[in-house]
1. What are the DSSP H helices in the chain that stretch 27 Å or more along their long axis, judged by alpha-carbon atoms, and whose average Kyte-Doolittle hydropathy comes to at least -1.0?
2. For the stretch 244-397, what is the relative contact order in percent, using Cα pairs closer than 8 Å and at least 6 residues apart in sequence?
3. Note down the magnitude of the dipole of the chain about its Cα centre, charges +1 on Lys and Arg C-beta and -1 on Asp and Glu C-beta and zero elsewhere, to the nearest 20 debye.
4. Using a probe radius of 1.4 Å on heavy atoms only, what accessible surface per residue do you get for the chain? Whole Å² is fine.
5. List the GluC sites (Glu not before Pro) in the stretch 233-278 that DSSP assigns to loop (not H, G, I, E or B) and whose Cβ has at most 15 other Cβ atoms within 10 Å. Which are they?
6. Quickly work out the Lys328-to-Asp221 label distance, labels modelled 7 Å from Cα along the C-beta direction, and quote it in nm with one decimal.
7. Apply 1/(1 + (r/R0)^6) to the Cβ-Cβ distance of Glu175 and Asp17, taking R0 = 45 Å, and write down the FRET efficiency to the nearest 0.05.
8. Per residue of the stretch 227-232, in order, report the coupling 6.51 cos²θ - 1.76 cosθ + 1.60 (Karplus, θ = phi - 60°) as ³J(HN,Hα) in whole Hz, putting x for Gly and Pro.
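The values are calculated or read from the model by the stated rules, or taken from the named source; none is laboratory data. These figures come from a predicted structure and were not determined experimentally. Using ideal geometry, Cβ is built from the backbone for each residue, glycine included, and neighbour counts are taken over all protein chains shown. These accessible areas exclude ligands, DNA and RNA; they are computed on the full protein's heavy atoms, side chains included. Shrake-Rupley method; radii C 1.70, N 1.55, O 1.52, S 1.80 Å.
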Amino acid sequence: MNQREIALEIIYKTIGDSSYTNLLMRNKLKELEPVQRPFVSNLVGGVLKNYDYLIYQVSDSINNKTSLRNKVILAMAIYEKFYLNKEDYIVLNEYVNLAKNKFDKSFINAVLHNLKKLKEADEEYINESLPKWIYNLLKKQYSEEDFKNILKNYKRVPTLFYRLNHNKAKFEDFENIEVINKNIFTSKKNLLNSEAMANGLFYVQDINSASLIDNLDLKEDDVLLDMCSAPGSKLFNCLDIVKPENSYSNELHEKRLNLIKNKAELLGFEGIHYLNYDGIELQNVLDLKFDKIILDVPCSGLGTLSRKPDLKYHIRPESLDELQLIQKDLLISAKNLIKDGGIILYSTCTLNKKENGKQIEKFLMENERFTLLKEETIINEDGDCFYYAKLGKGYNR
(Lines give C-alpha, C1' and ligand atoms only; values in the text may rest on other atoms or scores of the structure.)
Protein backbone atom coordinates (compact mmCIF):
# COMPACT_ATOMS: atom_id res chain seq x y z
CA MET A 1 0.00 0.00 0.00
CA ASN A 2 1.23 3.52 -0.76
CA GLN A 3 0.95 6.55 1.52
CA ARG A 4 -2.46 7.70 0.29
CA GLU A 5 -3.94 4.20 0.43
CA ILE A 6 -2.86 3.90 4.05
CA ALA A 7 -4.25 7.36 4.87
CA LEU A 8 -7.54 6.42 3.18
CA GLU A 9 -7.85 3.25 5.25
CA ILE A 10 -7.15 5.08 8.51
CA ILE A 11 -9.61 7.91 7.82
CA TYR A 12 -12.27 5.51 6.55
CA LYS A 13 -12.09 3.29 9.64
CA THR A 14 -12.01 6.29 11.99
CA ILE A 15 -15.19 7.77 10.54
CA GLY A 16 -16.99 4.61 9.49
CA ASP A 17 -16.11 2.23 12.32
CA SER A 18 -15.35 4.74 15.12
CA SER A 19 -11.87 3.25 15.36
CA TYR A 20 -9.21 5.16 17.26
CA THR A 21 -6.85 6.96 14.91
CA ASN A 22 -3.77 6.62 17.10
CA LEU A 23 -4.08 2.83 17.19
CA LEU A 24 -4.61 2.64 13.43
CA MET A 25 -1.64 4.94 12.84
CA ARG A 26 0.57 2.91 15.13
CA ASN A 27 -0.14 -0.25 13.16
CA LYS A 28 -0.27 1.08 9.61
CA LEU A 29 2.71 3.42 9.67
CA LYS A 30 4.95 0.40 10.22
CA GLU A 31 4.32 -0.44 6.55
CA LEU A 32 6.09 2.76 5.47
CA GLU A 33 9.62 4.07 5.58
CA PRO A 34 10.19 6.68 8.34
CA VAL A 35 10.58 9.43 5.75
CA GLN A 36 7.08 8.67 4.38
CA ARG A 37 5.26 8.77 7.70
CA PRO A 38 4.98 12.55 8.31
CA PHE A 39 2.99 13.00 5.08
CA VAL A 40 0.45 10.36 6.16
CA SER A 41 0.18 11.87 9.67
CA ASN A 42 -0.36 15.33 8.20
CA LEU A 43 -2.93 14.10 5.69
CA VAL A 44 -4.89 12.02 8.20
CA GLY A 45 -4.92 14.72 10.88
CA GLY A 46 -5.80 17.49 8.44
CA VAL A 47 -8.66 15.63 6.81
CA LEU A 48 -10.18 14.47 10.11
CA LYS A 49 -9.94 17.95 11.58
CA ASN A 50 -11.56 19.61 8.54
CA TYR A 51 -13.74 16.76 7.25
CA ASP A 52 -17.18 18.42 7.45
CA TYR A 53 -15.91 21.57 5.74
CA LEU A 54 -14.15 19.55 3.03
CA ILE A 55 -17.28 17.52 2.31
CA TYR A 56 -19.33 20.72 2.18
CA GLN A 57 -17.25 21.75 -0.84
CA VAL A 58 -18.80 18.91 -2.87
CA SER A 59 -22.24 18.89 -1.24
CA ASP A 60 -23.90 19.66 -4.59
CA SER A 61 -22.29 16.60 -6.18
CA ILE A 62 -22.93 13.92 -3.55
CA ASN A 63 -26.01 12.42 -1.89
CA ASN A 64 -26.97 9.72 0.60
CA LYS A 65 -26.06 7.04 -1.92
CA THR A 66 -22.47 8.25 -2.24
CA SER A 67 -20.23 5.73 -0.50
CA LEU A 68 -18.20 6.80 2.51
CA ARG A 69 -15.08 5.63 0.70
CA ASN A 70 -15.73 8.04 -2.17
CA LYS A 71 -16.48 10.87 0.26
CA VAL A 72 -13.18 10.27 2.04
CA ILE A 73 -11.30 10.17 -1.26
CA LEU A 74 -12.82 13.53 -2.22
CA ALA A 75 -12.04 15.05 1.19
CA MET A 76 -8.42 13.89 0.94
CA ALA A 77 -8.07 15.29 -2.59
CA ILE A 78 -9.52 18.66 -1.59
CA TYR A 79 -7.22 18.84 1.42
CA GLU A 80 -4.15 18.11 -0.68
CA LYS A 81 -5.16 20.60 -3.35
CA PHE A 82 -6.11 23.56 -1.18
CA TYR A 83 -4.28 22.99 2.12
CA LEU A 84 -1.10 21.32 0.92
CA ASN A 85 -1.06 23.17 -2.42
CA LYS A 86 -0.45 20.12 -4.57
CA GLU A 87 -0.67 20.50 -8.35
CA ASP A 88 -4.10 19.72 -9.85
CA TYR A 89 -2.79 16.97 -12.13
CA ILE A 90 -1.10 15.19 -9.19
CA VAL A 91 -4.23 15.33 -7.05
CA LEU A 92 -6.46 14.20 -9.90
CA ASN A 93 -4.25 11.30 -10.90
CA GLU A 94 -3.60 10.03 -7.36
CA TYR A 95 -7.18 10.12 -6.14
CA VAL A 96 -8.88 8.85 -9.29
CA ASN A 97 -6.56 5.84 -8.96
CA LEU A 98 -7.81 5.25 -5.42
CA ALA A 99 -11.36 4.69 -6.67
CA LYS A 100 -12.44 1.04 -6.83
CA ASN A 101 -14.10 0.78 -10.24
CA LYS A 102 -14.65 2.56 -13.53
CA PHE A 103 -17.86 4.27 -12.38
CA ASP A 104 -16.24 5.58 -9.19
CA LYS A 105 -13.16 6.75 -11.08
CA SER A 106 -15.35 8.70 -13.48
CA PHE A 107 -17.31 10.20 -10.58
CA ILE A 108 -14.20 11.30 -8.65
CA ASN A 109 -12.66 12.71 -11.82
CA ALA A 110 -15.75 14.77 -12.68
CA VAL A 111 -16.21 16.19 -9.16
CA LEU A 112 -12.58 17.23 -8.80
CA HIS A 113 -12.47 18.74 -12.31
CA ASN A 114 -15.37 21.04 -11.40
CA LEU A 115 -13.92 22.20 -8.06
CA LYS A 116 -12.09 25.49 -8.57
CA LYS A 117 -12.20 27.19 -5.15
CA LEU A 118 -13.36 26.70 -1.57
CA LYS A 119 -16.67 28.13 -0.37
CA GLU A 120 -17.90 29.14 3.08
CA ALA A 121 -21.01 27.61 4.62
CA ASP A 122 -23.70 29.72 6.26
CA GLU A 123 -23.35 27.67 9.45
CA GLU A 124 -20.11 28.29 11.35
CA TYR A 125 -20.07 24.81 12.86
CA ILE A 126 -19.64 23.38 9.34
CA ASN A 127 -16.80 25.79 8.57
CA GLU A 128 -15.16 24.71 11.83
CA SER A 129 -15.90 21.03 11.12
CA LEU A 130 -17.36 20.52 14.58
CA PRO A 131 -20.46 18.46 15.34
CA LYS A 132 -23.32 20.88 15.83
CA TRP A 133 -23.96 19.71 19.41
CA ILE A 134 -20.32 20.30 20.45
CA TYR A 135 -20.27 23.71 18.76
CA ASN A 136 -23.52 24.76 20.48
CA LEU A 137 -22.45 23.37 23.86
CA LEU A 138 -19.22 25.37 23.95
CA LYS A 139 -20.71 28.52 22.44
CA LYS A 140 -23.40 28.54 25.12
CA GLN A 141 -20.94 28.02 27.98
CA TYR A 142 -18.25 30.55 27.05
CA SER A 143 -17.94 34.25 26.30
CA GLU A 144 -17.54 35.29 22.68
CA GLU A 145 -13.83 35.96 23.18
CA ASP A 146 -13.16 32.63 24.90
CA PHE A 147 -15.18 30.78 22.28
CA LYS A 148 -13.12 32.34 19.49
CA ASN A 149 -9.95 31.24 21.28
CA ILE A 150 -11.35 27.72 21.62
CA LEU A 151 -11.96 27.59 17.87
CA LYS A 152 -8.43 28.89 17.22
CA ASN A 153 -7.02 26.22 19.50
CA TYR A 154 -8.98 23.53 17.66
CA LYS A 155 -7.64 24.59 14.26
CA ARG A 156 -3.99 24.94 15.35
CA VAL A 157 -1.32 22.52 14.20
CA PRO A 158 -0.42 20.66 17.41
CA THR A 159 3.09 21.19 18.72
CA LEU A 160 4.97 18.17 19.98
CA PHE A 161 6.27 19.03 23.45
CA TYR A 162 8.88 17.04 25.36
CA ARG A 163 9.30 16.96 29.15
CA LEU A 164 12.88 16.67 30.35
CA ASN A 165 13.62 13.77 32.70
CA HIS A 166 15.69 15.61 35.30
CA ASN A 167 16.51 12.22 36.78
CA LYS A 168 18.71 11.42 33.77
CA ALA A 169 19.43 14.50 31.67
CA LYS A 170 19.94 18.24 31.34
CA PHE A 171 18.91 20.57 28.53
CA GLU A 172 22.59 20.99 27.69
CA ASP A 173 22.68 17.34 26.62
CA PHE A 174 20.64 18.14 23.49
CA GLU A 175 21.30 20.13 20.33
CA ASN A 176 18.91 22.27 18.29
CA ILE A 177 16.09 22.35 20.83
CA GLU A 178 13.96 25.27 22.03
CA VAL A 179 13.65 25.41 25.81
CA ILE A 180 10.16 26.62 26.78
CA ASN A 181 10.45 26.54 30.57
CA LYS A 182 12.30 24.66 33.32
CA ASN A 183 10.80 21.35 32.19
CA ILE A 184 9.54 21.59 28.61
CA PHE A 185 11.28 21.86 25.27
CA THR A 186 10.44 21.46 21.58
CA SER A 187 12.45 20.54 18.53
CA LYS A 188 12.01 21.11 14.81
CA LYS A 189 13.17 17.53 14.43
CA ASN A 190 10.76 14.79 15.48
CA LEU A 191 12.39 13.04 18.43
CA LEU A 192 9.90 10.22 18.95
CA ASN A 193 12.21 7.62 17.47
CA SER A 194 15.41 9.08 18.85
CA GLU A 195 17.94 7.18 20.95
CA ALA A 196 17.56 9.79 23.69
CA MET A 197 13.87 9.07 24.06
CA ALA A 198 14.47 5.32 23.91
CA ASN A 199 16.89 5.78 26.82
CA GLY A 200 14.36 7.74 28.90
CA LEU A 201 16.05 11.14 28.79
CA PHE A 202 12.68 12.78 28.14
CA TYR A 203 9.05 11.87 27.46
CA VAL A 204 6.19 13.40 25.52
CA GLN A 205 3.87 15.63 27.53
CA ASP A 206 1.63 18.56 26.59
CA ILE A 207 2.86 21.89 27.95
CA ASN A 208 -0.40 22.68 29.72
CA SER A 209 -0.68 19.24 31.28
CA ALA A 210 2.88 19.53 32.57
CA SER A 211 2.10 22.82 34.30
CA LEU A 212 -0.70 21.44 36.48
CA ILE A 213 1.53 19.76 39.07
CA ASP A 214 2.89 23.14 40.20
CA ASN A 215 -0.42 23.56 42.03
CA LEU A 216 0.15 20.62 44.39
CA ASP A 217 2.67 22.44 46.64
CA LEU A 218 4.72 19.24 46.77
CA LYS A 219 7.21 18.37 49.52
CA GLU A 220 9.78 15.60 49.45
CA ASP A 221 8.09 13.52 52.16
CA ASP A 222 4.53 13.89 50.86
CA VAL A 223 2.58 10.65 50.49
CA LEU A 224 1.13 10.95 47.00
CA LEU A 225 -1.65 9.12 45.13
CA ASP A 226 -2.34 9.35 41.40
CA MET A 227 -5.87 7.89 41.27
CA CYS A 228 -6.33 7.52 37.50
CA SER A 229 -2.69 7.33 36.58
CA ALA A 230 -2.34 6.37 32.91
CA PRO A 231 -0.28 7.35 31.01
CA GLY A 232 1.68 8.30 34.16
CA SER A 233 3.16 11.64 33.06
CA LYS A 234 1.70 13.71 35.91
CA LEU A 235 3.02 11.22 38.46
CA PHE A 236 6.47 11.29 36.88
CA ASN A 237 6.41 15.12 37.07
CA CYS A 238 5.95 14.84 40.83
CA LEU A 239 8.92 12.53 41.25
CA ASP A 240 11.30 15.43 40.70
CA ILE A 241 10.32 16.32 44.27
CA VAL A 242 8.44 13.46 45.95
CA LYS A 243 10.21 10.23 46.90
CA PRO A 244 9.11 7.37 44.58
CA GLU A 245 8.62 5.08 47.61
CA ASN A 246 6.01 7.57 48.90
CA SER A 247 4.11 7.52 45.59
CA TYR A 248 1.15 5.37 44.59
CA SER A 249 0.05 4.88 41.00
CA ASN A 250 -3.45 3.47 40.53
CA GLU A 251 -4.88 2.41 37.18
CA LEU A 252 -8.03 0.40 36.48
CA HIS A 253 -6.78 -1.29 33.32
CA GLU A 254 -3.94 -3.74 33.95
CA LYS A 255 -2.47 -3.30 30.46
CA ARG A 256 -2.19 0.46 30.96
CA LEU A 257 -0.74 -0.05 34.46
CA ASN A 258 1.99 -2.23 32.95
CA LEU A 259 2.79 0.55 30.48
CA ILE A 260 3.24 2.94 33.44
CA LYS A 261 5.54 0.43 35.15
CA ASN A 262 7.64 0.05 32.01
CA LYS A 263 7.86 3.81 31.50
CA ALA A 264 8.85 4.38 35.14
CA GLU A 265 11.60 1.80 34.84
CA LEU A 266 12.85 3.45 31.65
CA LEU A 267 12.89 6.88 33.32
CA GLY A 268 14.74 5.52 36.34
CA PHE A 269 12.01 5.82 38.99
CA GLU A 270 12.16 2.90 41.41
CA GLY A 271 10.00 2.14 44.42
CA ILE A 272 6.61 3.35 43.19
CA HIS A 273 3.66 1.43 44.62
CA TYR A 274 1.32 0.17 41.88
CA LEU A 275 -2.42 -0.41 42.40
CA ASN A 276 -4.89 -2.01 40.00
CA TYR A 277 -8.34 -0.86 41.15
CA ASP A 278 -11.28 1.19 40.03
CA GLY A 279 -10.47 4.56 41.61
CA ILE A 280 -13.98 4.70 43.05
CA GLU A 281 -13.21 1.57 45.11
CA LEU A 282 -9.87 2.77 46.49
CA GLN A 283 -11.59 4.30 49.51
CA ASN A 284 -12.72 0.78 50.47
CA VAL A 285 -9.45 -1.09 49.93
CA LEU A 286 -6.75 1.30 51.16
CA ASP A 287 -5.99 1.73 54.86
CA LEU A 288 -3.93 4.81 54.14
CA LYS A 289 -4.35 8.59 53.94
CA PHE A 290 -2.51 10.85 51.51
CA ASP A 291 -1.02 14.33 51.65
CA LYS A 292 -1.66 14.96 47.96
CA ILE A 293 -3.95 13.32 45.42
CA ILE A 294 -3.88 13.78 41.66
CA LEU A 295 -7.37 13.19 40.31
CA ASP A 296 -7.18 13.48 36.53
CA VAL A 297 -10.65 12.10 35.82
CA PRO A 298 -12.05 10.38 32.73
CA CYS A 299 -13.73 13.10 30.69
CA SER A 300 -15.14 13.98 27.28
CA GLY A 301 -11.75 15.30 26.09
CA LEU A 302 -13.18 18.37 24.36
CA GLY A 303 -9.99 20.30 25.11
CA THR A 304 -7.86 17.92 23.06
CA LEU A 305 -9.71 18.00 19.74
CA SER A 306 -6.80 19.75 18.05
CA ARG A 307 -4.60 16.75 18.77
CA LYS A 308 -7.33 14.09 18.73
CA PRO A 309 -9.90 15.10 16.08
CA ASP A 310 -11.20 11.51 15.99
CA LEU A 311 -12.88 12.16 19.35
CA LYS A 312 -15.65 13.83 17.34
CA TYR A 313 -16.60 10.37 16.09
CA HIS A 314 -16.56 8.69 19.52
CA ILE A 315 -18.15 11.08 22.00
CA ARG A 316 -21.94 11.43 22.18
CA PRO A 317 -24.09 13.95 24.13
CA GLU A 318 -25.55 11.19 26.32
CA SER A 319 -22.09 10.01 27.38
CA LEU A 320 -21.44 13.35 29.14
CA ASP A 321 -23.99 12.50 31.85
CA GLU A 322 -22.36 9.11 32.44
CA LEU A 323 -18.95 10.73 32.77
CA GLN A 324 -20.21 13.27 35.29
CA LEU A 325 -21.47 10.47 37.54
CA ILE A 326 -18.07 8.74 37.39
CA GLN A 327 -16.30 12.03 38.17
CA LYS A 328 -18.57 12.64 41.16
CA ASP A 329 -17.88 9.17 42.57
CA LEU A 330 -14.13 9.57 42.08
CA LEU A 331 -14.23 12.86 43.99
CA ILE A 332 -16.03 11.12 46.86
CA SER A 333 -13.36 8.41 46.93
CA ALA A 334 -10.60 11.02 46.90
CA LYS A 335 -12.14 13.02 49.74
CA ASN A 336 -12.14 9.89 51.91
CA LEU A 337 -8.45 9.26 51.19
CA ILE A 338 -6.99 12.73 51.77
CA LYS A 339 -5.49 13.86 55.08
CA ASP A 340 -6.53 17.02 56.91
CA GLY A 341 -4.43 19.78 55.41
CA GLY A 342 -4.03 17.79 52.20
CA ILE A 343 -4.71 18.84 48.60
CA ILE A 344 -6.71 17.16 45.85
CA LEU A 345 -5.84 18.36 42.35
CA TYR A 346 -8.90 17.68 40.20
CA SER A 347 -8.27 18.05 36.47
CA THR A 348 -9.85 17.34 33.10
CA CYS A 349 -8.89 17.86 29.48
CA THR A 350 -12.40 18.96 28.54
CA LEU A 351 -14.08 22.35 28.18
CA ASN A 352 -17.52 21.18 29.23
CA LYS A 353 -18.29 23.21 32.34
CA LYS A 354 -20.59 20.53 33.74
CA GLU A 355 -17.53 18.29 34.07
CA ASN A 356 -15.42 21.16 35.39
CA GLY A 357 -16.57 24.12 37.48
CA LYS A 358 -20.12 22.87 37.95
CA GLN A 359 -18.84 19.51 39.16
CA ILE A 360 -16.58 21.18 41.72
CA GLU A 361 -19.29 23.61 42.78
CA LYS A 362 -21.59 20.70 43.67
CA PHE A 363 -18.77 18.92 45.51
CA LEU A 364 -18.01 21.96 47.66
CA MET A 365 -21.68 22.48 48.52
CA GLU A 366 -21.86 18.89 49.80
CA ASN A 367 -18.47 18.83 51.56
CA GLU A 368 -17.91 21.75 53.91
CA ARG A 369 -14.48 20.54 55.00
CA PHE A 370 -13.10 21.38 51.56
CA THR A 371 -12.08 24.75 50.17
CA LEU A 372 -11.46 25.79 46.58
CA LEU A 373 -7.93 27.19 46.74
CA LYS A 374 -7.60 27.82 43.02
CA GLU A 375 -9.23 26.92 39.71
CA GLU A 376 -8.46 27.74 36.12
CA THR A 377 -9.55 26.89 32.61
CA ILE A 378 -6.54 27.02 30.32
CA ILE A 379 -7.39 28.10 26.77
CA ASN A 380 -4.49 29.13 24.55
CA GLU A 381 -2.90 28.32 21.22
CA ASP A 382 0.10 26.50 22.67
CA GLY A 383 -1.31 23.19 23.85
CA ASP A 384 -4.38 21.25 24.93
CA CYS A 385 -7.14 23.04 26.81
CA PHE A 386 -7.39 22.04 30.47
CA TYR A 387 -9.36 22.68 33.61
CA TYR A 388 -8.11 22.16 37.14
CA ALA A 389 -9.34 22.81 40.65
CA LYS A 390 -7.07 22.84 43.72
CA LEU A 391 -9.11 21.55 46.67
CA GLY A 392 -7.81 21.85 50.23
CA LYS A 393 -9.18 19.82 53.14
CA GLY A 394 -9.45 21.60 56.47
CA TYR A 395 -8.53 25.04 55.09
CA ASN A 396 -10.47 28.12 56.18
CA ARG A 397 -13.02 29.16 53.60
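1. Working: long enough: 37-56 (28 Å, 0.27); 317-335 (28 Å, -0.12).
The qualifying helices are 37-56, 317-335.
2. Working: 249 pairs, mean separation 34.7, N = 154.
It comes to 23 percent, rounded to a whole number.
3. 1060
4. Working: 19860 Å² over 397 residues.
Per-residue accessible area for the chain comes out at 50 Å².
5. Values: sites: Glu245, Glu251, Glu254, Glu265, Glu270; in loops: Glu251, Glu270.
Passing sites in the stretch 233-278 are Glu270.
6. 4.0
7. Details: r = 42 Å, r/R0 = 0.94.
Given R0 = 45 Å and the Cβ-Cβ separation, E is 0.60.
8. Working through the residues one at a time gives 6, 10, 7, 4, x, x Hz.
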